[in-house]
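The values are calculated or read from the model by the stated rules, or taken from the named source; none is laboratory data. Just so it is clear, the structure is predicted and the values come from calculations on it, not from any experiment. So basically every Cβ, Gly included, is an ideal-geometry build from the backbone, and we count neighbours across all protein chains shown. The protein model used for the area step is the full one, side chains on, heavy atoms only, and it has no ligands, DNA or RNA in it. Shrake-Rupley method; radii C 1.70, N 1.55, O 1.52, S 1.80 Å.
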Amino acid sequence: MILRYPMALTLLLLSAASCSTPAMAEDLEEDLFHFFDEFKHECVRNCSADPGPRECRYRIRLEWFMTMSKACFDCPRNLTDCFRPHCITGDGVERALLSVNRQLSGPGIHVCEGDTVIAEVHNFMEMGEGTSVHWHGMHQVGTQHMDGVSMVTQCPINAHSSFTYRFAASPAGTHYWHSHSGLQRSEGIFGPLVVRQAADPHAGLYDTDQPEHTLLLSDWFHELGATKFAAHHYSNGDNKPKGLIINGRGAFAPSSASDPQTPRYVLRVRSGLRHRVRVISNAILNCPFVLSVANHSLLVIATDGAPVVPIEVDSLIIYAGERFDFVLTADRPPGNYLLMVAGLADCDSRFTMARQSAIVSYAGIDETPLQGAGNPAYSDMLGRPGGRQLNPFNRAPDANHIDVTSLRTPAGWPPADHLTIDGPVDAKFYLAFDFEVVNNSRYHHPAYYPISAVRKSDGHLYTPQINNVALHMPPAPLLYQFDDVLQSHICNNTDFDPSLETEFKACHHGLRLGVNKTVELVLIDKGFTFDASHPFHLHGHYFRVIGMEKLGKNVSVAEVKRRDSAGLLRRNLDRPVMKDTVIVPDGGYTVLRFRTDNPGVWLLHCHLEFHVEIGMGLLLLVGDAASWSAGVPANFPRCGSWKGPGPDRRWQQRELRLAETHRLHMTALGLAAAGAVLLAALLSVFLTRRFGLRSNPVQNIETVSEAVSYGSLKAPQLTF
Ligand SMILES: [Cu+2]
């Protein structure tokens, strides 16, 4: 025991000496974190010149971290410090977060259509929570078990474990990835996913398409999402985001005018060139973003990955989960211009005025003087007054407010006509939602604090539900453990049982659909309780948005049905836009059509985190259970048995080789520094232990699965 300390000290000194060489610092960094540079990854390339396909490997490390941590040193007083490795600034306000590779946003994945994405997700979250990653926009044809929805398509990845996603990058376009477990998306687990294509129908409209021109927008709390969630659902905490970030950066109002501000994201452009800009909304709460660029117009060319007939606007509104691509032509006098994003609804001037900007900086112009200036007033960030706006918020369209039903898919696109939806409709469903006044047993104890006994100001909770049913997640992934889920707990209410208007119901909310059918969904936002807006996202498919209309402040299902019978619902079948996320006007409807050409269990849900978390979703069960599980590998991790597939073998081999190289390298340095064989051997033992620890997450699944049995599945007791 006594001897150990001097030895440890010697080793510490030695390793400190070794670390002082840049090469060693780099190796340690590579070894402990394996972070990749999103802009220099080998798969970032010109997809016309080099379409591939390639195998693109990524390592994603999820862990708790802090904004403005010690890694930020003297940021923001010293601006350079704000760009140090692992310095996550957010909007400059200190908070705990879940980080991906100690970055915010998580690193972007930029590939070409048809590449295989191989993403190894390591769960280093110390609080022990499970996780999963959803590839928002990927259709996962034939690989539905890679869709990343906990308890639908996979078991959560346990703490101290890893899981490798492997799927074909398709369809092309601007997408993103985010955690699909609990509230982790609100804590920071999200990043861009851009799939470029060899033959883009709009290639002639832009000169550059750089990964650096991808903008991931998010509302941003100044506390944990979990704290905000608990405060809002169990007490009278609000659900209004304070801040907003663009690519993980931004400046929040400082406490005094002399306080320096954290830097905003800089979008570098070149005079005279047309730049393709890709925008993604990771909105967590009801915070639609209006985006505009000072003195520049936006030529919108795609949404949710799919091309649209180009349309020029002054601003666009993007809802949670949506994506828009536009061409920004640098045709103004060289200078710095603000790209402005302002939050509407729960982020507007009645509440938090959440807003943020990025700096569009022309080549040769220094943007640093602007960095200290902070954001303009909220009212100056809403787009040019009287300007043309795409995707308006809760209002009827007119010449200056163009909703997405006015967008058209370019003629001849997509090349395959599998999305034809103008044939007969095989099945039609009305899906109506609102914040229902029901005694939600999760948040209102029926005896101690029923909804009827709690004042609104004390946290009386309205429950967002679809067809008066809350989606309660199954206790095992339906996709391949269908028989482990009680069939009686799968339900829906497409007949609108009136008793459920006042009685809370939760179940594995599901709708069975046949394969290769044309399905029409009429989404209705009844809008009686609040003026909210719910963006709906469908996994595994594109849909066509064929109709959308705001009918009034609110509307009943009966009224929409009556109008439909009378032929009064708007339907356009002339090249309607392809999307996977769409808004439903409050007090109105949106009509979608899609082909059920991708069998599996697919989530259709509101993309606001607090809403889906308490059940505003529906599972589309396309085809039969036997066909779903046939596509899932036999050794895929199961819930309740914890038998895992182990790591990707080739990846692991590469890891072992890498570790071996480091061992040799570090041993050699140890020898040189100490000049003693004995010490080198001790060092080697020390390092072996260290590296043994490092590779644990990779090996963990197998070790645990062989050693431990976790017993049988039990469904929790709820109101079914
Ligand atoms: Cu919602």
Sequence of Asp37, Asp434 when ordered by accessible area, the most exposed leading, probe 1.4 angstrom:
Asp37, Asp434
Rounded to the nearest Å, what's the spacing between the alpha carbon centres of the range 509-561 and the range 332-407? Just the number, please.
29 Å
Along the charge dipole of the range 200-402, which of Thr227, Gly343, Gln389 sits closest to the positive end, that is, farthest toward it, with unit charges on the beta carbon of Lys, Arg, Asp and Glu (+1, +1, -1, -1)?
Thr227
In nm, what is the difference between 0.36 nm times the number of residues separating Leu205 and Leu573 and their Cα-Cα distance?
129.8 nm
Once Lys and Arg get +1 and Asp and Glu get -1 on their Cβ, which of His509, Ala453, Val545 lies farthest toward the positive end of the dipole of the range 427-625?
Val545
If a paramagnetic tag sat 7 Å from the Cα of Asp458 along the Cα-Cβ line, which residues of the range 222-254 would have the backbone N under 13 Å from that point?
235-236
Give the residue list of chymotrypsin sites (Phe, Trp or Tyr not before Pro) in the range 398-490 that are DSSP loop and have at most 14 other beta-carbon atoms within 10 angstrom.
Tyr448
Heavy-atom accessible area of Leu608 with all protein chains present, probe 1.4 Å, nearest 10 Å²?
10 Å²
Please tell me which of these pairs span more than 20 angstrom C-alpha to C-alpha: Lys240/Lys456; Lys240/Lys526; Lys228/Lys456; Lys526/Lys553?
Lys240/Lys526
When the accessible area of the range 427-625 is split by element with a 1.4 Å probe, what percent falls to carbon and sulfur?
50 percent
Which Cα, out of Leu573, Gly623, Val555, lies furthest along the positive dipole direction of the range 427-625 (beta carbon charges, K/R +1, D/E -1)?
Leu573
Average accessible surface area per residue within the range 200-402, 1.4 Å rolling probe, Å²:
34 Å²
Here the Kirkwood hydrodynamic radius of the range 153-290, Cα-based and in Å, equals 18.0 Å
Could you check the simple spin-label distance between Leu500 and Glu126, using points 7 Å along Cα→Cβ, in nm with one decimal?
4.4 nm
Assigned charges on the beta-carbon of Lys, Arg, Asp, Glu; the range 200-402 dipole about Cα centre (debye):
160 debye
The range 85-207 pair-distance distribution - Cα-Cα, 5 Å bins, rounded %
2, 11, 19, 22, 18, 13, 9, 5, 2, 0
With 0.36 nm assigned to each residue of separation and the Cα-Cα distance removed, Ser258 to Asn295 gains 10.4 nm
